[in-house]
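*Asks:* One structure coming up, written as structure tokens, with questions to follow.
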Amino acid sequence: PPAGDGKPERLADLAGRIAACTRCGLCAGRRNPVPGEGDPDTRILFIGEAPGADEDQQGRPFVGAAGQLLERMILAMGFRREQVFIANVLKCRPPGNRTPEPGEVAACLPWLEHQVAVIAPAVICTLGNTPLKALRPEAAGITRERGRRFLWRDIPVIPTFHPSYLLRNEAAKKPCWEDLKLVLAELGLTPPRRGS
Ligand code: URA
């Protein structure tokens, strides 16, 4: 990855502006904003829904139970967590982990748009309904749309299930793996053999 491309500084600047954001009511209840983290020069961006309790406490995305599964998914793809970028649609925790409201998504989406413009990933993998609908409002639900590639800001997007859903629905792991292979295919890659 090229050093000196300014991406780390630009992402840090965004994180600082996110920390000062009061565009929606969620800022009142947050302990920490969760801008996202990872390799600024990555080719893969994962987008989840919103911080949960663990993420709100630590200020880092996907550090709870769903995050452990997401990390296993990333490892199975042949990457380490630090080699991709992980963000959410919402940067602040909704109370009680309720589903984000449309007004909150609309208020927060510009931050994600800025992040995507800086990172310029080669492929985006959305996790669950919220990021799918945020990028593609006309989409049907994730059960119908998973694995169906579309373009957003000229970047290919592969929607798949949210890891929290996979934790409750073991049978969804197999189709999710098919989707993750589509993500790799966008990079001209196939999964590494198990154990390697
Ligand atoms: N679920 C999400 O969608 N995002 C997180 O950061 C954690 C759990």
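The values are calculated or read from the model by the stated rules, or taken from the named source; none is laboratory data. Quantities reported herein were computed from a predicted structural model and do not represent experimental measurements. Using ideal geometry, Cβ is built from the backbone for each residue, glycine included, and neighbour counts are taken over all protein chains shown. We work out accessible area using only protein heavy atoms, side chains counted, and drop any ligands, DNA or RNA first. Shrake-Rupley method; radii C 1.70, N 1.55, O 1.52, S 1.80 Å.
*Asks:* For region 1-136, give me the percentage of DSSP beta bridges that are antiparallel, rounded to the nearest 5 percent. All intermediate terms of the calculation are to be shown ahead of the outcome.
*Replies:* Details: 2 of 10 bridges.
Roughly 20 percent of the beta bridges in region 1-136 run antiparallel, per DSSP.
*Asks:* Thr99 accessible area, nearest 10 Å², 1.4 Å probe?
*Replies:* Thr99 exposes around 90 Å² with every protein chain in place.
*Asks:* Can you put Leu151, Leu189 in order of accessible area, largest first, using a 1.4 Å probe? Walk me through the numbers on the way to the answer.
*Replies:* Details: Leu151 100, Leu189 65 Å².
Reading off the accessible areas and sorting them downward yields Leu151, Leu189.
*Asks:* Can you divide the C-alpha Rg of the chain by 2.2 N^0.38 Å and report the result to two decimal places?
*Replies:* Working: Rg = 15.7 Å, N = 196, 2.2 N^0.38 = 16.3 Å.
Normalised Rg, Cα atoms only: 0.96.
*Asks:* Between Gln57 and Ala140, what is 0.36 nm times their sequence separation minus the Cα-Cα distance? Round to one decimal in nm.
*Replies:* Working: separation 83, 0.36 × 83 = 29.88 nm, distance 3.29 nm.
Fully extending the segment from Gln57 to Ala140 adds 26.6 nm.
*Asks:* Moving on. Hey, what number do you get for the chain at 222 nm if only DSSP H runs of n ≥ 4 count, each worth -39500 (n - 2.57), divided across all residues, to the nearest 500? Kindly include the intermediate steps, with their values, before the conclusion.
*Replies:* Values: 8 runs with 80 residues, N = 196.
Helices in the chain give a 222 nm mean residue ellipticity of -12000 deg cm²/dmol.
*Asks:* Another question about this same structure. Most fluctuating residue of Arg81, Arg153, Arg31 in a GNM of the chain with Cα springs under 10 Å: which is it?
*Replies:* Sorting by GNM fluctuation, first place goes to Arg153.
*Asks:* Right, something else. Starting from the coordinates of the alpha-carbon atoms of region 93-191, obtain the Kirkwood hydrodynamic radius over all distinct pairs and give the value in Å to one decimal.
*Replies:* On the way: mean 1/r = 0.0697 Å⁻¹.
Computed over region 93-191, the radius equals 14.3 Å.
*Asks:* Related question: How large a share of the accessible area of the chain, in percent, is made up of carbon and sulfur atoms when the probe is 1.4 Å and the other protein chains stay in place? Show your work: numbers first, answer last.
*Replies:* Details: 4730 of 9490 Å².
For the chain, the apolar C and S fraction of the accessible surface comes to 50 percent.
*Asks:* While we're looking at this one, here's another question. For Thr190, what accessible surface area do you get with a 1.4 Å probe? Give it in Å², rounded to 10.
*Replies:* 110 Å²
*Asks:* Can you grab the distance from the C-alpha centre of region 53-72 to the C-alpha centre of region 152-168, Å, no decimals?
*Replies:* 16 Å
*Asks:* Going from most exposed to least, what order do His162, His114 have by accessible area with a 1.4 Å probe?
*Replies:* Values: His162 35, His114 80 Å².
I get His114, His162, largest accessible area first.
*Asks:* Taking a probe of 1.4 Å, how large is the accessible area per residue of the chain, in Å²? Could you put the intermediate results ahead of the total?
*Replies:* On the way: 9490 Å² over 196 residues.
With all protein chains present, the chain gives 48 Å² per residue.
*Asks:* A further question follows. Please give every one of the lysines within straight-line cross-link reach of Lys181, meaning a C-alpha to C-alpha distance under 25 Å, and leave out same-chain neighbours fewer than 8 residues apart.
*Replies:* Straight-line reach from Lys181, under 25 Å: Lys133, Lys173.
*Asks:* Another question, then. Please work out the FRET efficiency for the pair Ala65 and Asp13, using the Cβ-Cβ distance as r and a Förster radius of 35 Å; give the result to the nearest 0.05. Please list the in-between numbers first.
*Replies:* On the way: r = 32 Å, r/R0 = 0.90.
Efficiency, from the Cβ-Cβ distance: 0.65.
*Asks:* Moving to a separate point now. Which distance in nm do the two modelled labels at Arg23 and Phe150 give, with both placed 7 Å along the Cα-to-Cβ direction?
*Replies:* Reported label-point gap for Arg23 and Phe150 is 2.0 nm.
*Asks:* Top mean-square fluctuation among Ala50, Ala139, Ala28, Gaussian network model of the chain, C-alpha springs under 10 Å?
*Replies:* Largest GNM mean-square fluctuation: Ala28.
*Asks:* Further question on the same structure: If I model a spin label as a point 7 Å beyond the Cα along the Cα-Cβ vector, how far apart are those points for Asp5 and Leu189 in nm?
*Replies:* Inter-label distance under the simple model: 1.5 nm.
*Asks:* With θ taken as phi - 60° and the coefficients 6.51, -1.76 and 1.60, list the Karplus ³J(HN,Hα) couplings across region 68-77 in order, rounded to whole Hz; mark glycine and proline as x.
*Replies:* Residue by residue, region 68-77 yields 5, 5, 4, 5, 5, 4, 5, 4, 5, 7 Hz.
*Asks:* Moving on. Report the calculated FRET efficiency for Lys181 and Thr99 (r = Cβ-Cβ distance, R0 = 25 Å), to the nearest 0.05.
*Replies:* On the way: r = 28 Å, r/R0 = 1.14.
It comes to 0.30.
*Asks:* Further question on the same structure: What is the percent of Cα-Cα separations in region 62-110 that go past 13 Å?
*Replies:* Distances greater than 13 Å cover 65 percent of the Cα pairs.
*Asks:* Also, I was wondering about something else. Using a 1.4 angstrom probe and counting only protein chains, how large is the accessible area of Glu37 in Å², to 10?
*Replies:* Around 50 Å² of this residue is reachable by solvent.
*Asks:* Right, here's the next one. From Cα coordinates alone, what are the radius of gyration and Dmax values for region 120-161 in angstrom?
*Replies:* Looking at region 120-161, its Cα Rg and Dmax stand at 9.1, 27 Å.
*Asks:* Continuing with this model, one more query. Output wanted: per-residue J couplings in Hz (rounded whole) for region 101-107, from phi through Karplus 6.51 cos²θ - 1.76 cosθ + 1.60, θ = phi - 60°, x for Gly and Pro.
*Replies:* Each residue of region 101-107 in turn: 7, x, x, 5, 4, 4, 5 Hz.
*Asks:* Right, next: Using a simple charge model, +1 on the beta-carbon of Lys and Arg, -1 on the beta-carbon of Asp and Glu, nothing else, what dipole does the chain show about its Cα centre, in debye to the nearest 20? Before the final figure, lay out the partial values.
*Replies:* Numbers: 27 positive and 22 negative charges, 95 e Å.
The dipole of the chain has a size of about 460 debye.
*Asks:* Within straight cross-link reach of Lys91, meaning Cα distance under 14 Å, which aspartates and glutamates are found once same-chain residues fewer than 8 apart are removed?
*Replies:* Candidates past the 8-residue exclusion: Glu37, Glu49, Asp54, Glu55, Asp56, Glu101, Glu104, Glu113.
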